[in-house]
1. Could you tell me which residue of segment 115-126 is nearest to Lys38 (Cα to Cα), considering only residues that are over 13 Å from the mean Cα position of the chain (by Cα) and surrounded by 14 or more Cβ atoms within 10 Å (Cβ to Cβ)?
2. Among residues belonging to segment 106-136 that are in a strand (DSSP E or B) and of a type in the set (D, E, K, R), point out the one that is nearest to Thr64 (Cα to Cα).
3. Name the single residue, out of those in segment 53-105 being assigned to a strand (DSSP E or B) and modelled with pLDDT under 85, that is nearest to the chain's Cα centre (by Cα).
Amino acid sequence: MAFNRRKIDPLDLQPRKAVGVSLPLSGRAVFNATYETKDAIRTNLINYFLTGQGERYLNPGFGTILRSLMFENINQDLVDRVKSTVRKGLTEYFPRVIPTDFQVLGTPDTNTVTLLLKYAIQDTNIEDEVVINFEQ
């Protein structure tokens, strides 16, 4: 009989110790704390997608070029560039995140791009998704 082994992050074993800060920053005390690594990783992914390259002071490679691409015409070439940029960044900055489904949906009529990322966290049973809409 096989057992589904999974690793539990040691931070998740301490229920009252905050792991990170959630987005948006509009809590009662400005910051809303996250208490599980699942929520912290999700917030870090959203932060990564919304940060432009060169925006971080001592880490200019962190972030994506998604916001700068939004001022170009939406076509298949743009969608392919977004996919390759995001995949490269995920492997570099989030090695524990395993993308299970990744879609970039461009709507030329409304000039919007929707980014859908379903992912699993390595060595755990945690699965989650992030959906971000970029509009002009």
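The values are calculated or read from the model by the stated rules, or taken from the named source; none is laboratory data. The shown structure was predicted, so the numbers you read here are calculated from the model rather than taken from an experiment. Neighbour counts run over all protein chains shown; Cβ positions are idealised from the backbone, glycine included.
1. Among them, the one singled out is Ile126.
2. Within segment 106-136, the match that is nearest to Thr64 (Cα to Cα) is Glu135.
3. In the first step, residues of segment 53-105 are kept if they are assigned to a strand (DSSP E or B); the result is 64, 97-105.
Filter once more, keeping what is modelled with pLDDT under 85: 64, 104-105.
Details: Thr64: 11, Val104: 13, Leu105: 16 Å.
Across segment 53-105, the extreme among qualifying residues is Thr64.
Yes/no per residue for (1) out of contact with any Asp or Glu (no Cβ under 7 Å at 6 or more places or on another chain); (2) surrounded by fewer than 17 Cβ atoms within 10 Å (Cβ to Cβ); (3) of a type in the set (Ser, Thr, Tyr):
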{"site": "Glu36", "(1), (2), (3)": "no, yes, no"}
{"site": "Ala40", "(1), (2), (3)": "yes, no, no"}
{"site": "Leu45", "(1), (2), (3)": "yes, no, no"}
{"site": "Leu50", "(1), (2), (3)": "yes, yes, no"}
{"site": "Arg56", "(1), (2), (3)": "yes, yes, no"}
{"site": "Gly61", "(1), (2), (3)": "yes, yes, no"}
{"site": "Gln76", "(1), (2), (3)": "yes, yes, no"}
